[in-house]
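The values are calculated or read from the model by the stated rules, or taken from the named source; none is laboratory data. Nothing here was measured: the structure is a model prediction, and the numbers come from that model. Because the Cβ atoms are built from the backbone with ideal geometry, glycine has one as well, and the counts that use them run over all protein chains shown.
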Amino acid sequence: MTMSERKISVGAFFQKYTMVIALVVVVVFFAIATGGGSLKPGSINNLISQNGYVFVLAAGMLCCILTGGNIDLSVGSVVCFTASIGCVMMDRGANMWLAVLAMLAIGLAIGVFQGFWIAKIRVPAFIATLSGMYAFRGLSNVVLQGYRVDISDEKFLFLFGGGRDCYIPDYIRQWTGAEGKPNLTCLAIGIIAIVIYVLMTIRKIHVQKKLNLHQSILGQVITTAAISAVVFFVTWQMASFRGLPTVLVWIALVLGIYQYITTKTAMGRHLYAVGGNEKATALSGVKTRNVYWFAYASIGLMAGLAGILTAARAKGIDPTYGEGYEMDAIASCFIGGASAYGGTGKVSGMIIGAVLMGVINQGMNMVGVDSNLQRVVKGLVLLAAVIFDVMSKRQKR
Amino acid sequence: MAKILLEMKNITKTFPGVKALDNVNLQVEEGEIHALVGENGAGKSTLMNVLSGIYPYGTYEGDIVYNGQVCKFSNIKDSEKLGIVIIHQELALVPEMTIGENMYLGNERGSKFAIDWNTTYAEADKYLKMVGLQESSKVQVKTIGTGKQQLVEIAKALAKQAKLLILDEPTSSLNEEDSRALLDLMLGFKKQGMTMIIITHKLNEVAYVADKITVIRDGTTIETIDNHGPEPVSEERIIKGMVGREMTNRFPPRQNVKIGDVMMEVDHWTVHHPLYPERKVVDDVSMYVRKGEVVGIYGLMGAGRTELAMSIFGQSYGVNFSGELKIDGKPVKMKKSVTDAIKHKIAYVTEDRKGNGLILSQSIKVNTSLANLSSLASMGVIDQDKEYAVAEEYRDKLKTKTPTVEQLVGNLSGGNQQKVLLAKWMFAEPDIMLLDEPTRGIDVGAKYEIYCIINDLAKAGKSVVMISSELPEVLGMSDRIYIMNEGKMVGEMKAEDATQENIMALILQSGRGA
């Protein structure tokens, strides 16, 4: 009895944390393969800056996938389109904030537009967004007239993570007047984040105890400790480099908001419900069409933000930027355990999926793997993750 | 005595938690029409699924002896090879394809890589003629009516060289004229030596075509009646076999029954089929339910009960509605919106808990709160502690057996799933509860608990409409009973006047009159 129970719990453990384990293995593998190079402050910094758009887009994509495995193929083109408009505006002397607002508004508008066809007219999401993928790629070219447009607005670059100095300045050292490293502001923010996280876990365990929920407290303590350790390591590395990249602020903000939406709000609940059983959800009085609409509007807004980040990172835009971004976002969600049939998936899983993809990308680059082979590896990782999802579902039934 | 073509010996089939068939025996002689009768859920279809290999050898106990040989079918193909062909109640035709394509679907003429269309259509036409269809086999199936589609199904079966034809409710979607034609066609086939098993609810049809009648009740064979006596078997005789069971203490007693004013009333309610808008699924139905009353609606499958309930529930079924809905004496103009229905304090607890009721991939807690999430949320943010408390409260109240309300609903037994579904709608705080087959597919003990819950609801002043195709349940639970058949209300009885026999008789009379 206890033996079999333990077996089940070990199996369940591996099932639950497969991708975490895979991530650890991959990180360790590349750390060894690059002689520790992949864990250097510069590498970690690059990993975050380069993949900013993935986190932002994948957060929006997760909502779409939750509604029933629906995806948005247009985001890569929309990223390029919004960025094009913003860059042209700034190039012609528009105020930076006006440009930012325009990019977000256009992204949102596109999301609402596509969501209308998907939710109200019931055009299959795949087709509606495929047409968006073509159309907005073409429109980007029109806006840019085929040429690259550069950004010279230093403030824009600083705020959204482009150029040399896009790091949060060390206010603490400026204030105290002390020179040198590590970056104390960065460290302080990291430690505050860890403290808040630990306090939240304590509260959660407390509530669980009060409600007599039989959750493994040890498991939660270990998880919390592990995540805190990783956060501390990353903060420390960044503090001893140049500090917190500003793009991380945006990533954290987006991930935080989406974590909140998916776990705490009624709309989040409806996303899962529609993906789990649309008929039952509709018969419970939920307006399922609005749920779809929300998902696509939200990913449109995220595409606008990703456009800002992409333009800042590249200090400009050219008509080919953003190609394949949609696939990175989709892959992150699926690798992170979102079901291809909808109804299950978490922001935390998506983050792990995105980091896993990023680490593999960067590791292979550092080791010097041929870029074509890199795509093969990425493809296989995605396939393996989805096979795992399908198999583990089959076991249950 | 003719040769025994098929013998099913001591067939026992268990599903998780339910014994669907218990030592069933069936003997079919060559060249006869054998009718299989019984209430819904008695096990007729399960038995035929065992016979045709849908439930493969090894998943049931007992033997199938066909033509003197013990058969071990592992799929439908195996049984069809021997000439056992089943025609299911729901037509299995692809509407966009032609008749010929449908008839040879999975059984293509020519080779796998080059279908011989000439042979296909020529042979199809031949079989269509045998069933009396004038249509060309090149016509798309969607362009012909249901009666003809049923004939196409039969032609399809013949094309498989059927020796034993099983027809599962072949006339359930046909009108009187088409039904009669189909039965005559069966009699014609019999003359040519075909053996047939027919499953049907329409006892007049049984008396008309069957040589022998086997009655199944609660998963066991009750009796086999010979229809060759000097006088044809009376319908009363068959009904007695179908429903004659003991009824001691299967239903909790109602206490402190306080029946109040009329809570909900529908007048001349008519609903059309969403795909065939000319067809009336609910036809001029009028009914009412009082506060604190349990009203039973009895009818066979396809009588329009579910459609009636769902059309009342925010028009979630059907098109072209007419009629009036009054709640608390006031006429209600309800939009086509479930949200609106919930606002008017109506709840519909579906018969299809897995398909339309629950989200199996989510927890008990999430399912419990779904229909009334707004009461737990402020500004769109859910109070999760409160939600948990609510889920716990209903788990306690309904005695749902689960370690925690975080358990996924998909992992629960049928009875517990049904309790979660009830909890979900009780939490929506309705005044009127439309319960559609609230005890379908759950075991006797859980049924009793569900009955207690229903009684408690009525005691709390709710108006309960209980739709069921189990007569004893309707008789045991209701204060008043409506009887539906073919979309119409064909009768209303007080519980004390109702008996199984007079309800069945009402249905049969109305069926004949149509």
Looking only at the range A:349-390, how many residues end up being in a helix (DSSP H, G or I), surrounded by fewer than 19 Cβ atoms within 10 Å (Cβ to Cβ) and of a type in the set (Gly, Ala, Ser)?
3
If we take the range A:105-208, then helices (runs of 4 or more DSSP H) inside it with 2 or more residues that are in the same structural domain as A:Tyr321 (by TED's automatic domain parsing) and among the aliphatic types (A, V, I, L, M) are A:125-144, A:154-160
A:Gly138 vs. criteria crowded, with 22+ Cβ neighbours inside 10 Å and among the small types (Gly, Ala, Ser)
no
Residues that are surrounded by 16 or more Cβ atoms within 10 Å (Cβ to Cβ) and without any contact (Cβ under 8 Å) to a residue 40 or more places away in the chain: find the helices (runs of 4 or more DSSP H) completely inside the range B:88-181 holding 3 or more of those.
B:117-130, B:146-159
Count of residues meeting criterion [buried (at least 21 other Cβ atoms within 10 Å of the Cβ) and not in a helix (DSSP H, G or I)] in the range A:242-259:
3
Taking the range A:282-307 only, how many residues are surrounded by 24 or more Cβ atoms within 10 Å (Cβ to Cβ), within 14 Å of chain B (Cβ to nearest Cβ) and in a helix (DSSP H, G or I)?
2
Per-region count, the range B:1-40, residues outside any strand (DSSP E or B) and modelled with pLDDT of 90 or more:
3
Hey, does the range A:29-52 have a residue that's among the aromatic types (Phe, Trp, Tyr) and surrounded by fewer than 24 Cβ atoms within 10 Å (Cβ to Cβ)?
yes
Search the range A:36-61 for residues that are farther than 22 Å from A:Ala338 by Cβ and pair each with any residue that is in a helix (DSSP H, G or I) and acidic (Asp, Glu) when their beta-carbon atoms are under 6 Å apart and the residues are at least 6 apart or on different chains.
none
Take B:Val70 and tell me if it is of a type in the set (A, V, I, L, M), touching an Asp or Glu at 6+ places or on another chain (Cβ under 8 Å) and free of Cβ contacts under 8 Å to residues at least 24 places away in the same chain.
yes
Yes or no: B:Gly314 within 29 Å of B:Gln509 (Cβ to Cβ), small (Gly, Ala, Ser) and either surrounded by fewer than 19 Cβ atoms within 10 Å (Cβ to Cβ) or within 26 Å of the chain's Cα centre (by Cα) (or both)?
no
Among the numbered criteria (1) surrounded by fewer than 20 Cβ atoms within 10 Å (Cβ to Cβ); (2) not in a loop (DSSP other than H, G, I, E, B), which one does B:Thr59 miss?
(2)
Among the residues of the range A:48-104, write down those that are over 18 Å from the mean Cα position of the chain (by Cα) and assigned to a loop (DSSP other than H, G, I, E, B).
A:Gly68, A:Arg92, A:Gly93, A:Ala94, A:Asn95
Of all helices (runs of 4 or more DSSP H) completely enclosed by the range B:364-476, which ones contain at least 3 residues that are touching a helix residue (DSSP H, G or I) at 6+ places or on another chain (Cβ under 7 Å), away from chain A (no Cβ under 11 Å) and crowded, with 19+ Cβ neighbours inside 10 Å?
B:384-398, B:414-427, B:444-459
A careful count of residues in the range B:211-221 that are under 23 Å from the mean Cα position of the chain (by Cα) and under 11 Å from B:Leu36 (Cα atoms) gives 6
Evaluate the following for B:Gly329: is it in contact with an Asp or Glu (Cβ under 8 Å, 6 or more places away or on another chain) and either at pLDDT below 90 or not assigned by TED's automatic domain parsing to the domain that holds B:Gln89 (or both)?
yes
More than 14 Å from the chain's Cα centre (by Cα), surrounded by 15 or more Cβ atoms within 10 Å (Cβ to Cβ) and not β-branched (Val, Ile, Thr): does that describe A:Lys346?
no
Flagged pairs (Cβ under 7 angstrom, 6 or more apart or on separate chains; first in the range B:467-482, more than 14 Å from B:Ile450 (Cβ to Cβ); second β-branched (Val, Ile, Thr) and in a loop (DSSP other than H, G, I, E, B)) are B:Asp479/B:Ile259
Which of the residues that make up the range B:318-363 are acidic (Asp, Glu) and either at the interface with chain A (Cβ under 8 Å from one of its Cβ atoms) or surrounded by 17 or more Cβ atoms within 10 Å (Cβ to Cβ) (or both)?
B:Asp340, B:Glu351
Selected residue [in the same structural domain as B:Gly292 (by TED's automatic domain parsing), within 24 Å of A:Thr265 (Cβ to Cβ) and touching a residue at least 60 places away in the same chain (Cβ under 8 Å)] from B:Ala423, B:Ala428:
B:Ala428
